[in-house]
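A quick write-up on the structure given underneath.
The values are calculated or read from the model by the stated rules, or taken from the named source; none is laboratory data. In this text the structure is predicted, and so the values were computed from the model without any measurement. Backbone-built Cβ (ideal geometry, glycine too); neighbour counts: all protein chains shown. SASA here: full protein model, heavy atoms, side chains in, ligands and nucleic acids out. Shrake-Rupley method; radii C 1.70, N 1.55, O 1.52, S 1.80 Å.
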Amino acid sequence: MSESDSGETSHDQLRQRAETRLEAEDRSTLETPPEDVARLLYDLHTHQIELEMQNEELRHAQHELLKARDRYIRLYDLAPVGYLTISAKGLMLETNQTFVNMLGMERQHLINQPLSAHIVQPDQDAYYLFVSQMRKAKQQKTCELRMSRQDQDSTSAANVIQSFGAEERSWFWVRIDSRPLLNGKGEVSNINLSVSDITNLKLASDKLEHLATYDQLTHLPNRYLLETELNHRINAAKRFDEKFAILFIDLDNFKFINDTMGHAYGDILLQSVAKQLTAHLRDYDMVARFGGDEFVLLMPQIKDNTEVVAVVDKIIKEFSSVFYLDKEEAFITTSIGISIFPDDGKTVGELLQHADAAMYRAKDAGRGRYCFFTQAMNDELRRHQLITSELRSSLAKQEFSLNYQPLVDPQTGNIKSCEALIRWLPVDGELISPTEFIPVAEQSELINRIGEWVINEACRQRAEWKEMGLLDFRIDINLSGRQFLQNNFMDILERYLAKYHLSAAEIGIELTENVLIQAGKNNSSNLNNLNESGMQISIDDFGTGYSSLSCLRRLPVHNLKIDQEFIRDAPRNDSDRCIMEAIVAVGHRLGLKVIAEGIETEEQHKLAREIGCDLGQGFFLHKPMESNKLYTLLARQYELEE
């Protein structure tokens, strides 16, 4: 018998048994007494009522469940973040309305489509890595990337247009949080994702980063970003055995333009310079604003210095042309210092410091030029650093002293006043010349501290001589421009005059021509206050600066000290003699005393007398000396007790 025949027989047998059971139940019902029938009907009615109540409860529960489902769907769809489920293959199985709105598409166009199709091309690798790591770890993961949207009319922060391939799409930043769903075998079957639009946060973060790393005036990288990039370039150059150059660019005469034309024009000039420098960049070059009027150009992958020189020559040539600043013309030049990695330094600090030192050497050579860093500059720089360090130590230890060089009447030989000259003799070292340490001190606040020490010591010495009977006498003090132009200079000077009970006539000051001109423009009140107090003001090294004769008429000065450069050859050089005679004549016509500096021979002394110099100073007359030796000379001259 076949399997089909066997199945039919079994089915017939079951049907026969069921019919037999129903017939038996019918006979049993017919045999039921009437009173039992009524009871059974009552029980049946009661059961029907209970069933109806249960059905009503089920219908109510179903209604509430549908309402809850609707609420969930609404919450799911209207959540502030996008929710979606993707398959293990990355296909979107379901998504809420928020995510649909993010993409600017219809829901039906997203279902069963790959999510990767909506990740911008540059971030595809990051997305696939994110999914791969999550599937491997079977744990929650987070990533940030950019997604594209289809609608082009959106005005949201996400609607930033960028071209990817042939089609223009907007993109927006998202943070994706994932939760993998595992099947019975412990494998990832589906993945729940939440997607948050973080475009505004990213834009704000980018803006803050831009503010922190770019100069807001020129929009060039700032010093912080430059140094960060330099560290990367150093590592790359080491890895590939390459060289790169740093060009430290400083604008000559920028302060003059800023002071005469105003800061607004100075800003326009800096912006113009930034554009000029950027025009010279190769794809892998970088130019940054280092600070003030200083720029740095980074030139990687150079083979030799000729490449650098070609760029430098072009910059210097173009900067020698006129700059148009809002219809105004400005002329500047630039001085450029160059350091090469790894020849001139292996760290960011060394390379920048050495390029800066080379730039100052270019300025000293006449401006409008360039200079490569050399080992000699390195030795000079180390000497500079050593002097700076020792100066700080010596200020604390009071390792300075003053010598005094007399100013003499060339007709009588009498000493009329003296100039205080600082001397520095470290306890554990040898005498260091002022011509070496004063320029170093002038590059920092040390010159102000040294200058204040000189004022104090000169006033103290003058007070001591005064107590010893030397009444009608003056000590002149050399002041640096930085010290004289500081805001509290008059307060410092007046404090020490009061401390030692001195009048302004007992202390004089000497300033160079350039400092006096700058003071006349920016701080004339100091000059006027000194003049009104009765203090003598001398122009030191007259004839070597940039002053004109008209400034002698305008500035409140009393003495002209002719620089020794003129008197050196004047006895044998008619031109120098004529210049000296002219200075003496003009000075006297203006009511000034004229002093010949650097008299070292009898011929020079004789010349000073012949042309009418009021005073002379130099080794031939008196060398600088200690205070007690000068007092001995003064005591004899004024017949005081020694």
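For the reader, a short list of remarks on this structure follows.
- Meeting the requirement of 3 or more residues that are among the aromatic types (Phe, Trp, Tyr) and crowded, with 19+ Cβ neighbours inside 10 Å, no strands (runs of 3 or more DSSP E) wholly within the stretch 238-334 can be named.
- Checking each residue in the stretch 297-308 for being under 21 Å from residue 250 (Cβ atoms) and touching a residue at least 60 places away in the same chain (Cβ under 8 Å) picks out 298, 305, 308.
- Single unsatisfied condition, residue 557 versus (1) in contact (Cβ under 8 Å) with a residue 40 or more places away in the chain; (2) assigned to a helix (DSSP H, G or I); (3) open to solvent by less than 20 Å² (accessible area, probe 1.4 Å); (4) β-branched (Val, Ile, Thr): (2)
- In the stretch 567-625, residue surrounded by the fewest Cβ atoms within 10 Å (Cβ to Cβ) [restricted to those that are in contact (Cβ under 8 Å) with a residue 40 or more places away in the chain and in contact with a Cys (Cβ under 7 Å, 6 or more places away or on another chain)]: 595
- Failed item, numbered, when residue 422 is tested on (1) within 16 Å of residue 619 (Cα to Cα); (2) part of a strand (DSSP E or B): (1)
- Single match in 419, 390 (criterion: of a type in the set (D, E, K, R), surrounded by 15 or more Cβ atoms within 10 Å (Cβ to Cβ) and within 13 Å of residue 478 (Cα to Cα)): 419
- The set of residues in the stretch 347-393 that are in contact with a Lys or Arg (Cβ under 7 Å, 6 or more places away or on another chain) and in contact (Cβ under 8 Å) with a residue 24 or more places away in the chain comprises 362, 371.
- Residue check, residue 28 at pLDDT 80 or above, open to solvent by less than 100 Å² (accessible area, probe 1.4 Å) and not aliphatic (A, V, I, L, M): no
- Test result for residue 439, surrounded by 15 or more Cβ atoms within 10 Å (Cβ to Cβ), modelled with pLDDT under 95 and farther than 27 Å from residue 470 by Cα: no
- Residue count for the stretch 458-485 under the criterion of being open to solvent by less than 40 Å² (accessible area, probe 1.4 Å) and farther than 18 Å from residue 539 by Cα: the result is 9.
- Long-range neighbours under 7 Å by Cβ, at least six apart or interchain, first residue farther than 18 Å from residue 450 by Cβ within the stretch 486-498, second part of a helix (DSSP H, G or I): 490/526; 490/529; 497/459; 497/504
- Just one of (1) in a strand (DSSP E or B); (2) open to solvent by 40 Å² or more (accessible area, probe 1.4 Å); (3) modelled with pLDDT of 90 or more; (4) among the charged types (D, E, K, R) fails for residue 491. It is (1).
- Within the stretch 75-118, restricting attention to residues that are out of contact with any Leu (no Cβ under 8 Å at 6 or more places or on another chain) and assigned to a loop (DSSP other than H, G, I, E, B), the residue that is farthest from residue 176 (Cα to Cα) is 106.
- Residues within the stretch 413-470 that are closer than 15 Å to residue 394 by Cβ and of a type in the set (A, V, I, L, M), tallied: 12
- Candidate set: the stretch 511-554, residues that are at pLDDT 85 or above and in a loop (DSSP other than H, G, I, E, B); chosen: the one most open to solvent (accessible area, probe 1.4 Å): 536
- Close Cβ contacts (under 6 Å, 6 or more residues apart or on different chains) running from residues in the stretch 626-642 that are more than 13 Å from residue 414 (Cα to Cα) to residues that are surrounded by 10 or more Cβ atoms within 10 Å (Cβ to Cβ) and among the polar types (S, T, N, Q) comprise 627/461; 642/632.
- Qualifying residues in the stretch 213-226 (those that are part of a helix (DSSP H, G or I) and open to solvent by less than 60 Å² (accessible area, probe 1.4 Å)) - the one nearest to residue 149 (Cα to Cα): 213
- Candidates 59, 71: the one that is modelled with pLDDT of 75 or more, open to solvent by 100 Å² or more (accessible area, probe 1.4 Å) and not small (Gly, Ala, Ser) is 59.
- Residue within the stretch 189-211 that is under 25 Å from residue 362 (Cβ atoms) and buried (at least 16 other Cβ atoms within 10 Å of the Cβ) present: no
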